[in-house]
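Working notes, structure below.
The values are calculated or read from the model by the stated rules, or taken from the named source; none is laboratory data. All values reported here derive from a predicted model rather than from experimental measurement. Don't worry about glycine lacking a Cβ; one is built from the backbone with ideal geometry, like all the others, and counts go over all protein chains shown. When the accessible area is computed, the model is the full protein with side chains, heavy atoms only, and any ligands, DNA or RNA have been set aside. Shrake-Rupley method; radii C 1.70, N 1.55, O 1.52, S 1.80 Å.
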Amino acid sequence: MLTLTLRRLLIAIPTLIIISLVIFLLLEAAPGDPLGDVPLTVPPEVKEKMRLALGLDSPWYVRYGLWMKQFFWVEPVHLWDALFGTHFGDGMQRVISFQSRQPVMQIIAERLPQTLTVVGLAYLVGVLIALPIGIISAYRQYSWFDNLGTFISMIGFSVPTFFTGVVLIIVFAVKLQWFPSVYDTTLQVTDWASFKQQMRQMVMPVTVLALYNAAQISRFMRASMLDNLGQDYVRTARAKGLTEKVVVLIHVLRNSLIPVVTVIALGVPTIFGGAIITEQVFKVNGLGQQLILSIHANDMPMVMTLTFIFAILIVLFNLVADLLYGILDPRIRYD
C-alpha cells in the first residue's frame, strides 16, 4: 500500500505540471485584457505603467515560471509564517489578484469557510441520505419505496439546481417568508439567536445541493447493490445460515460500496470549487462565485490558482479512492 501511494504521488507530479501548463496556455489564449475595465480617462502612459506593474509585458514562459515559483514555494512559506509566527516569507512576492490587488491565497482563505459551510454540509447530507435510500431501494426492488425513490432521484438529477433554487426562493422566501432569499455572509454566530439565523439561511442552498447529490449517489448505490445481491457468494452466505441483516449490511454492502466510493471521492473536490450556480442564486460569497467574478474580470492569477487547486484535489481524491478499494475489498491487493 505504501509503495502504491509513493508511486502514485510521483506520477502525480508530472501530471500536475502538465495540467498547470495547459491551464496557463488556455488562459493565455483566451480573449480579453486584464486592464479592459480601466476607465478611458486614464492616460495611455499610466495604463502602460499598470501593465508593467502587473508583469504583463513579460513573455508567457517567464510569467508561467514565476507563477510556479510563487505557488509551490512562496505561498507555502507564507502559510508556514502564518501558522508558526515566523518571517521567512518577508519580501517574497506572492500571487496577486489583478482584480483586487490582494494575495490570491488570502482571498481564497476568506471565502473558503463559506463554501465549506454550505456546499460541504450539503454534500455530507446528500451522501447520508443517498446511501440508505440506495440500499433499501435495491433490497426492495420495484416496491413503492423503490418507485418513489426512483421518481425523486430522477427529478433531483434532471432538474437544474438554478431552477430548484428559484422555486424554493419563490415558495419559502417570497410566499411563506420562512427563510431569507439572500445568504448573509457577514453574519457571525455569537449566540443562540445568530445560530438560528445561520441555520435558517442555510436551509435552502443546502437542500438544493443535497437533493442533487443524493439523486446521483443513490442511483449508483442502488445499481451496485442490485448487481451484488444476485452473486453466488450471497446465496452461499444465506445457505450457511447467516441472518439477512448480516448478509446485506456486511457482505453485500461492503462490496457494493467499491464503485460508489469513486463517485463520492471524486465529488469531494466539487465542494471546494463550490456549486457555482447555486452560490450565484443564493448570493453565497464562496469560491464558486469568486471564480465567476474572476473570469469576468480576466483575473488570470485567481482563475489559474483556483482551477489548479481543483486539479490537485481531483488527483488527490483519485488516489484516496484507490486506497479505499483495498480496505473495502480484501481481494484487492497492491503489490
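Data for the structure
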{"item": "Using alpha-carbon coordinates, inclination of helix 300-328 to the longest axis of the chain, degrees", "result": "20 degrees"}
{"item": "Å² per residue, accessible surface of the range 70-175 at 1.4 Å", "result": "58 Å²"}
{"item": "Sequence-distant residues sharing a close amide H with Ile96 (under 5 Å, placed H)", "result": "Val104"}
{"item": "Under 21 Å from Lys240, Cα to Cα: lysines that are on another chain or at least 8 residues apart", "result": "none"}
{"item": "Accessible-area value, Trp60, 1.4 Å probe, nucleic acids and ligands omitted, Å²", "result": "100 Å²"}
{"item": "Debye, to nearest 20: dipole size of the range 177-315, +1 on Lys, Arg Cβ, -1 on Asp, Glu Cβ", "result": "620 debye"}
{"item": "Of Val118, Val320, Val246, the one that fluctuates the most in a GNM where the chain has Cα springs shorter than 10 Å", "result": "Val246"}
{"item": "MRE, 222 nm, helices only [DSSP H, n ≥ 4, -39500 (n - 2.57), over the chain, to nearest 500]", "result": "-22000 deg cm²/dmol"}
{"item": "Sulfur and carbon atoms: percent of accessible area, the chain [1.4 Å]", "result": "69 percent"}
{"item": "Cβ charges +1 (Lys, Arg) and -1 (Asp, Glu), total dipole of the chain, debye", "result": "1040 debye"}
{"item": "Reported label for calculated volume of the Cα convex hull per residue in Å³ given (i) 143; (ii) 205; (iii) 170", "result": "(ii)"}
